[in-house]
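A.B. asks: Handing you a structure now.
The values are calculated or read from the model by the stated rules, or taken from the named source; none is laboratory data. Keep in mind it's a predicted model, so treat the numbers as computed, not measured. Please note: Cβ atoms are built from the backbone with ideal geometry, for glycine as well, and neighbour counts cover all protein chains shown.
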Amino acid sequence: MLAVALKEPALLKSAFVYEPGEATHVTDPLVLKVLGDDAAAAFAPVVQGLQSGDNAAAAGQLIDAVGGGKVYFESQPASVRSVQLDWRSAKVTTT
């Protein structure tokens with residue numbers, strides 16, 4: 001998907017690319033706990049929004065979580081938020 005987006009962007013209407021964090025290089029149990037707690041705090045609101053059917057809120061929470069702040073999503077121009085919300089009609093499941 002990323003290769004298509006880079007080589008033939010005209011073929012795509014939009015693309016959402018997410019690179020999951022991997023903590024495979026971390027071995028210290030205390031550091032792993034900190035990373036896990038941080039991820040749980042950051043992504044719990046995203047899952048909650050998806051489970052309640054509020055995909056727009058979930059998108060905002062996701063962008064805030066990966067963008068580094070609670071107001072990051074809202075601080076972006078409306079045109080950028082519109083692109084990020086484009087997927088809101090997609091069927092998303094959390095199982």
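A.B. asks: Looking only at segment 59-95, how many residues end up being of a type in the set (A, V, I, L, M), modelled with pLDDT of 80 or more and either more than 12 Å from F16 (Cβ to Cβ) or loosely packed, with under 10 Cβ neighbours inside 10 Å (or both)?
C.D. replies: Pass one, segment 59-95, residues of a type in the set (A, V, I, L, M): 59, 62-63, 65-66, 71, 78, 80, 83, 85, 90, 92.
The next check asks that each one be modelled with pLDDT of 80 or more; those that pass are 59, 62-63, 65-66, 71, 78, 80, 83, 85.
The next check asks that each one be either more than 12 Å from F16 (Cβ to Cβ) or loosely packed, with under 10 Cβ neighbours inside 10 Å (or both); those that pass are 65, 71, 78, 80.
Result for segment 59-95: 4.
A.B. asks: Can you pull out every residue in segment 1-42 that is at pLDDT below 90, assigned to a helix (DSSP H, G or I) and not aliphatic (A, V, I, L, M)?
C.D. replies: K7, P9, G36, D38, listed by residue number.
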